[in-house]
C-alpha cells in the first residue's frame with residue numbers, strides 16, 4: 001500500500017491535476033447525495049414512498065438521457081463555457097423542487113436533466129493531461145476516479161440520511177446542490193487542463209466511433225454493471241429483512257463498499273502488461289463466480305464475506321471500461337463517450353431495482369441475487385466478445401503509448417479504432 005500511496009501522490013502532483021480533480025470530487029459527492037435527498041424530501045412532503053420513488057425515477061431517467069448531451073456540448077464548446085450554464089440551470093431546478101413551485105415529478109426531472117456528470121469531465125481531463133510519455137499513468141488515474149466515486153457513494157447517501165432522519169430533508173437537497181454547483185464552478189475555472197477543442201468536421205467524423213460495436217459493447221457492459229448494482233441493493237436489503245435484522249443491511253453494504261475501495265486502490269498501483277481486452281473477460285468471470293454463492297448461502301457471515309469478495313472485482317471492471325473507452329474513442333467526442341457509459345450504468349441500476357424487487361417478492365432475496373449473477377454472466381459474454389475488438393498482441397502500455405505518435409489525437413484514435421474493427 002505504500003507504493004500505491006506513492007503512485008497516487010505522484011499522479012496528483014502532476015501540474016494541474018489536483019486543481020481539477022479535487023473540485024470534481026466535491027461535486028460528485030453532491031451528485032451522490034442528490035437522488036437519496038429527493039427521496040427524503042418528497043417522502044417528508046407527501047408521506048408516500050411511492051411518490052418519492054416516482055420522482056427519484058424521473059430524476060434518474062432524465063440524468064441518464066441528458067448527461068451525454070451535456071457531455072457532447074462540453075466536447076464542442078469546452079467545459080468552461082458549458083458548466084456555468086448547466087450549473088445555473090441545476091440550481092434553479094433545485095430551487096423549484098425545494099419551493100414546491102411545480103409538481104415534484106417535473107422538478108425532479110429538471111434536476112436530473114441539468115446535472116452535469118463531473119466524473120466524465122474529470123476523466124476527459126486526465127486523458128488530455130496524461131498524453132505522450134505520461135500515458136502509462138492513465139490506469140492509475142482511472143483507478144483514482146473509481147476511488148473518488150466509491151467514497152462519494154459511500155459518504156454522500158449516509159450524510160443525507162442523517163439530515164433526513166433529523167427532520168431536515170430540505171437541508172440535504174440544498175447541501176447536495178451547493179456541493180455540485182461549488183465543485184462544478186471550481187472545475188470550470190481550471191481552463192489550463194481542459195481537453196483541447198476540435199473542428200466541426202473532425203467532431204462529425206469522430207462521432208462515428210460512438211456507433212461502432214467496440215464502443216457500444218462497453219456501453220452495454222456498463223448497463224449490465226448497473227443492473228448488478230441495482231439488484232444487489234434490493235437483494236441485500238431484502239435478505240436482512242427476511243432474517244428479521246434490517247439493521248444488518250448497513251453492515252453488509254459496508255463490507256461491499258470497503259473492499260470496493262481496496263480493490264480500486266490496489267489496482268491503481270498495479271501495472272499489468274497485457275491488454276485491457278484480455279483482462280476484462282477474466283474480471284467479469286471472477287465477478288460471476290464470486291457472486292454465485294449468494295444464490296444459495298444463508299449465514300450472515302458467509303453473505304458478508306461473499307459481498308466483500310465481489311466488491312474487490314467491481315472497481316477493476318470500471319477501470320478497464322474507462323481504459324477501453326479512452327483507447328477506442330477519438331478525443332473529439334471523449335467526454336460524451338464517458339457520459340454514455342455512466343448513463344448506461346445509471347439506467348441499469350434504476351431498471352434493475354424494479355425487476356429485482358418483483359423477483360424478490362416471488363422468490364426471496366436469493367432470487368434477487370440471481371438477477372445480479374445473471375448480469376455478471378452478461379458482462380462476461382460481452383467481454384469475451386470484446387477480445388476480438390483488437391489484436392491480442394496489443395498490450396495496455398502500447399495502446400496508451402500511442403499518444404506519442406506524431407498524428408493529431410483524434411486522427412490517431414480514429415485510425416486505431418478502425419484497425420481494431422477490421
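The values are calculated or read from the model by the stated rules, or taken from the named source; none is laboratory data. Only a predicted model underlies this, so the values are computations on that prediction, with no experimental measurement involved. Neighbour counts run over all protein chains shown; Cβ positions are idealised from the backbone, glycine included.
Among the residues of region 99-136, how many are assigned to a helix (DSSP H, G or I) and either in contact with a helix residue (DSSP H, G or I) (Cβ under 6 Å, 6 or more places away or on another chain) or crowded, with 24+ Cβ neighbours inside 10 Å (or both)? Don't jump to the end; show me each part of the working.
Taking region 99-136 as the starting set, the residues that turn out to be assigned to a helix (DSSP H, G or I) are 99, 104-113, 118-129, 132-136.
Those still in the list that are either in contact with a helix residue (DSSP H, G or I) (Cβ under 6 Å, 6 or more places away or on another chain) or crowded, with 24+ Cβ neighbours inside 10 Å (or both) too: 104-105, 107-113, 118-127, 132, 135-136.
Going through region 99-136 one residue at a time, the tally reaches 22.
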Selected residue [in the same structural domain as residue 386 (by TED's automatic domain parsing), closer than 23 Å to residue 371 by Cβ and surrounded by fewer than 19 Cβ atoms within 10 Å (Cβ to Cβ)] from 299, 284: 299
Flag for residue 72 being touching a helix residue (DSSP H, G or I) at 6+ places or on another chain (Cβ under 6 Å) and either surrounded by fewer than 24 Cβ atoms within 10 Å (Cβ to Cβ) or not in a helix (DSSP H, G or I) (or both): yes
Residue 240, sole failed condition from (1) crowded, with 20+ Cβ neighbours inside 10 Å; (2) under 21 Å from the mean Cα position of the chain (by Cα): (2)
Close pairs (9 angstrom Cβ cut-off, 6 or more residues apart or separate chains): not assigned by TED's automatic domain parsing to the domain that holds residue 186 in region 119-141, outside any helix (DSSP H, G or I) and surrounded by fewer than 21 Cβ atoms within 10 Å (Cβ to Cβ) anywhere: none
